[in-house]
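*Asks:* Here it is, the structure, as structure tokens.
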Ligand code: GLU
């Protein structure tokens, strides 16, 4: 067999550097487990000063979703998971989209046939028979066809698949960075299809060929692939290739018994964004789903990607499944929201503020700082600030506050004395309003709360508001403040 073509491909494989890949299938949904895989692969590459490669695994055309590749790109970009080689950037071992590598898999499948590690199979097995694994590989008549017979049938145009020829008897051991050495009896492994009738490879074949030809040193993927790993090892062995380091990660669960899944409405990265979570908070939280820092960082919770790439060690990856905990994510998100520079917070909050407050004269820049420390997610903004647009119906009960020593009667009196004072204010600023209200309380020898509480209640119609009486006056403006206070007086009278 002429090996020049193969040798040429092999000679392109970069060596002497850490090379990891994120290899999503374009199924239209970047679930949390996928994002975590992307993160871990990226972190390994950056930690090792190596390359992070993006490969699109689109050989399963049945699962292909229009626009899905764009979601992969945009998610990685938004998350700052920069790649060094990929479909858009090219690179030394491209193409980086599997359907564009189609011919190559067929060549490598033939090479395996040549080496006796695979065979042409002409049987008409249904897919379900395939999936159930309910067939005896030794009974497959094609397994024992002579190569001349098989070749003659191929040449005659008979449809075929190429199957892996698992050795009979014996055992195969493979190593995983998380799960250690795993040994299985070869008799439990099926003669899996490597190349389908349509000439496209199965995932199990394509990933081995590509990981090798792309020089991948560390393979991170979900533990659902763990049971196939011995078959990969046999393929690597048959080709005479070095097996990369496997890092199989336990699934991300929605509860103790169920994996997160699109079908059950569990959120993707995009969903989480739409639900008001910040990218940085999502990344920080997702990294800790199944990985923990060690040593001096073991108590630390909040990390930037930059920090993570310095300290990320495989030994911190956990064997046990991680449960996606919304409360914990909220906790991270609230922290990130609070820690933002006011300007940056305004930028992310603005769309939510605009959605909730449409009155043109209201300055949203004044509201943003009031809600910054009071949100788990950005979606918590609207319900807190909706009263700026329209005073809700409220009960006079709200005026009664034990600690402030207010009741309906003294609130009515407070509003009545405050109204002319505010009416007389020419300068409507935070400081002037504050001075006026505090001055009034002092003059009447009342605690501030006796004035502030009724005013705040009249202006908001709510028991809890971001900001107190002075801020609300300032934001609502003089005319609206006076109107709402009059309404309060009416309602209490
Ligand atoms: N294309 C596979 C998936 O999206 C990737 C598995 C792997 O990383 O090897 O599940």
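Taken together, the values in this text are just the output of simple stated rules run on the coordinates, not laboratory data. Model, not experiment: these values are computed from the prediction. A quick note on method: Cβ atoms are made from the backbone with ideal geometry, for glycine too, and the neighbour counts reach across all protein chains shown.
*Asks:* Which of (1) buried (at least 19 other Cβ atoms within 10 Å of the Cβ); (2) over 48 Å from the mean Cα position of the chain (by Cα) is the odd one out, the single condition residue 447 does not satisfy?
*Replies:* Here residue 447 meets the rest and fails (1).
*Asks:* How many residues does region 218-230 hold that are closer than 18 Å to residue 193 by Cα, within 14 Å of the ligand (Cβ to nearest atom) and in contact with a strand residue (DSSP E or B) (Cβ under 6 Å, 6 or more places away or on another chain)?
*Replies:* Total meeting the criteria: 2.
*Asks:* List, please: which pairs have Cβ atoms under 9 Å, are six or more places apart or on different chains, and start with a residue in region 427-454 that is without any contact (Cβ under 8 Å) to a residue 40 or more places away in the chain and end with one that is loosely packed, with under 13 Cβ neighbours inside 10 Å and part of a helix (DSSP H, G or I)?
*Replies:* 448/442
*Asks:* A further question follows. Given the residues 233, 204, which is the only one that is in contact with a helix residue (DSSP H, G or I) (Cβ under 9 Å, 6 or more places away or on another chain), assigned to a helix (DSSP H, G or I) and within 16 Å of the ligand (Cβ to nearest atom)?
*Replies:* Numbers: 233 fails: in contact with a helix residue (DSSP H, G or I) (Cβ under 9 Å, 6 or more places away or on another chain).
Result: 204 is the single residue among 233, 204 that is in contact with a helix residue (DSSP H, G or I) (Cβ under 9 Å, 6 or more places away or on another chain), assigned to a helix (DSSP H, G or I) and within 16 Å of the ligand (Cβ to nearest atom).
*Asks:* Cβ contacts < 7 Å: first residue under 15 Å from residue 118 (Cα atoms) and without any contact (Cβ under 8 Å) to a residue 60 or more places away in the chain, restricted to region 190-203; second residue in a helix (DSSP H, G or I) and within 16 Å of the ligand (Cβ to nearest atom), any location; separation 6+ or different chain. Result?
*Replies:* 192/204; 192/231
*Asks:* Moving on to the next point. Go through (1) within 16 Å of the ligand (Cβ to nearest atom); (2) crowded, with 22+ Cβ neighbours inside 10 Å for residue 112 and report which single condition fails.
*Replies:* (1)
*Asks:* Of the conditions (1) in contact with a strand residue (DSSP E or B) (Cβ under 9 Å, 6 or more places away or on another chain); (2) closer than 25 Å to residue 323 by Cα, residue 78 satisfies every one except a single condition; which number is it?
*Replies:* Only one criterion is unmet by residue 78, namely (1).
*Asks:* Let me ask another. Only one of these is on the phi > 0 side of the Ramachandran plot, within 16 Å of the ligand (Cβ to nearest atom) and assigned to a loop (DSSP other than H, G, I, E, B): 265, 215. Name it. Before you say what the answer is, go through the steps one by one.
*Replies:* Working: 265 fails: within 16 Å of the ligand (Cβ to nearest atom).
Answer to the check: 215.
*Asks:* Then there is this: Run residue 248 past the list (1) in a helix (DSSP H, G or I); (2) in contact (Cβ under 8 Å) with a residue 60 or more places away in the chain; (3) within 14 Å of the ligand (Cβ to nearest atom); (4) surrounded by fewer than 22 Cβ atoms within 10 Å (Cβ to Cβ) and report the number of the one that doesn't hold.
*Replies:* All conditions are met except number (1).
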